[in-house]
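The values are calculated or read from the model by the stated rules, or taken from the named source; none is laboratory data. All values reported here derive from a predicted model rather than from experimental measurement. As a convention, Cβ positions derive from the backbone with ideal geometry for all residues, glycine included, and neighbour counts pool all protein chains shown.
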Amino acid sequence: MHCTTIAHNSAKFAHDEHQCCKTALHNELNYLAKGVIMENRQYLSIIILGLSGLYGIFAQYLFVDMGLGFNVTVYLWLMTTLLVAFQYYQRKSWNRLSVALAGFTLFFALSFSIYESFALLLLNSLGLLLILMLSVTETRERCYYKISELLLALLRLFFLPIVALARLLPDALLPTRTLIAHPHLRSILKGLLWALPILWMFGSLLISSDLRFERFTDVLFDVDMLSLSESFLYTLFFAAITTAVLYYIALHQKSSVVMTVATRKLPIDGIQIMTIMSCINLLFASYIAVQFTYFFGGDALVTHTQGVTYSSYARKGFWDLVLIAVIALPLLYLADDYLKDDAALLQRLFRYQALFTIAAIALMECSAAHRMVLYVSEYHLTALRFYSTWFMCFIVSCLLIFVATVLAGARQRFIISVCLSALMFIAVLNLINPDATIAKSNIAKLESGQHIDKFYLSQLSMDALPVVSQHAINNDAELACKLLKRFAYTTQRDWQEQSWFYQRHLDSMKALRWSQIVCETY
């Protein structure tokens, strides 16, 4: 019995000792793992801040006192290369949305080194902003976006550089603080501080004692502090942007805390919403019935109605009909949100009502397009009319997306689909080259014998200059003179501001020089 007790106690002691060793080994491994992770984080923090500083200096050289052109392409392409390198280093996979956003970024960046149209470059800039907003949302992995998340992402873009610097600087400066803590180095630094006033005193006396030494110090310390401060601020600005982007890709961790915002809805039930939808559809149906009585208006309405011109008919009716679509889309989206928890019968009736509403809006947009066609055929195509029509097409695509996502039961895909549709429309605009398309349409009218405002043709951007100048050289000396007068004082650009159409512009101006003598008569 005594031996059995001893054996049992020995086995228990061995088991406890084994568990104790196992726990100690587990704690040691955890400590080593934390150390490796911390060292890796410090290593990445130093690399990110170092690359950001170098990239800030390079960006300051690209953009300060320069226009936008090839420098935007270089900046964004190098930034994308850095992001790909960090993703590869950390062995992170790219989903389809990330690949699509990276492709759109490279495409929009390339457009800055091709086109000169302010409107087109502004749309490309808005596309890049939308890409940034989609990239910094917490739900980018699932692609389930909400409007509130995009607005929060827009706000986050302004504070992300500050957050990134606040997170990276303590890790990056930890080795420096350890080095400064060394007693010998600390003594050297204190000695330098004590030496500064003494050096200033002796230096002042030596400078005043010898004219040659005074000139030497003037040359040595001849620094424009204002320019130096300005360059430093620009470098810091671009470095902060680079730091924010690299930090978000390399070290940012998703928050485990889910923030919920309590939203209070209006006291509207499903029956009230269906009543509102029925009234709206009745109004739309009556409008379409009246439109069909004279086939969407047009020549007959303009010619037989006193006081109605093509200009007033098209301009007023077009924007009214487009505005209806702009207002109706968010109303349908909100109505679906209110009805998502209602009975299945109400949801099914809402889908039928929404389909009728969208079909009616599509017919009204056809009427708006018909008005614009009449307007352009009577007058000529301008940038405002072109982009307005393009915006109307985008709104129609949003309505179709609403049918394919919200009404099909995939409401969470609606926002990301609309955003990708917007990026696609901007990309297609880059492929079309709007100013050149406008110039070709108006020149075709001019060659057919219609009266076209030649001054407007001469005011288009450099994107249209190759087309307009070719026509002017062959057919119209007056238009050639207008082009010469407008672009006579074009300044020479540095390589950072160059674009493909600017080079085409220089070639076109060389071809127009022959008409300078004729210009004196105009």
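Observations
Listed here are the residues, each with its yes/no results for (1) at pLDDT 75 or above; (2) exposed (fewer than 12 other Cβ atoms within 10 Å of the Cβ).
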| site | (1), (2) |
| --- | --- |
| Leu189 | no, yes |
| Leu192 | yes, yes |
| Met201 | yes, yes |
| Ser204 | yes, yes |
| Asp210 | no, yes |
| Phe216 | no, no |
| Phe232 | yes, no |
| Ala240 | yes, no |
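- Residue match in the range 284-296 (condition: at pLDDT 70 or above, within 28 Å of Ser377 (Cβ to Cβ) and among the β-branched types (Val, Ile, Thr)): yes
- When the range 427-444 is limited to residues that are surrounded by fewer than 22 Cβ atoms within 10 Å (Cβ to Cβ) and in contact (Cβ under 8 Å) with a residue 40 or more places away in the chain, the one that is nearest to His505 (Cα to Cα) turns out to be Asn433.
- Cβ pairs under 6 Å, 6+ apart, first in the range 232-248 and within 15 Å of Ile46 (Cα to Cα), second of a type in the set (Gly, Ala, Ser): Ala239/Ser52; Ala239/Gly53; Ala239/Gly56; Thr242/Ser52; Thr243/Ser52; Thr243/Ala164; Ala244/Ala164; Tyr247/Ala164
Matching residues to (1) among the small types (Gly, Ala, Ser); (2) within 19 Å of the chain's Cα centre (by Cα); (3) not assigned by TED's automatic domain parsing to the domain that holds Gln291:
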residue	(1), (2), (3)
Glu365	no, no, no
Ala368	yes, no, no
Leu374	no, no, no
Tyr379	no, no, no
Thr382	no, no, no
Phe394	no, yes, no
Ile401	no, no, no
Ala404	yes, no, no
Leu423	no, yes, yes
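Conditions tested, residue by residue: (1) touching a residue at least 24 places away in the same chain (Cβ under 8 Å); (2) under 18 Å from Phe118 (Cα atoms); (3) charged (D, E, K, R); (4) not assigned by TED's automatic domain parsing to the domain that holds Leu374.
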| site | (1), (2), (3), (4) |
| --- | --- |
| Leu446 | yes, no, no, yes |
| Ile452 | yes, no, no, yes |
| Phe455 | yes, no, no, yes |
| Ser461 | yes, yes, no, yes |
| His471 | yes, no, no, yes |
| Lys482 | yes, no, yes, yes |
| Gln498 | yes, yes, no, yes |
| Tyr502 | yes, yes, no, yes |
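- Taking the conditions (1) modelled with pLDDT of 60 or more; (2) of a type outside the set (A, V, I, L, M, F, W, C); (3) in a loop (DSSP other than H, G, I, E, B) in turn, Lys265 satisfies each one other than (1).
- Residue-level check: of (1) farther than 30 Å from Leu101 by Cβ; (2) at pLDDT 90 or above, Ala427 misses just (1).
- Among the residues listed as Ser397, Ser388, the single one being free of Cβ contacts under 8 Å to residues at least 60 places away in the same chain and hydroxyl-bearing (Ser, Thr, Tyr): Ser397
- Taken over the range 430-466, the criterion of being at pLDDT 85 or above and acidic (Asp, Glu) is satisfied by Asp435, Asp463.
- Pro466 within 28 Å of the chain's Cα centre (by Cα) and at negative phi: no
- Matching residues, the range 50-87, being over 25 Å from Leu165 (Cβ atoms) and hydroxyl-bearing (Ser, Thr, Tyr): Thr73
- Answer from Ile48, Ile57 - the residue that is surrounded by 20 or more Cβ atoms within 10 Å (Cβ to Cβ) and aliphatic (A, V, I, L, M): Ile48
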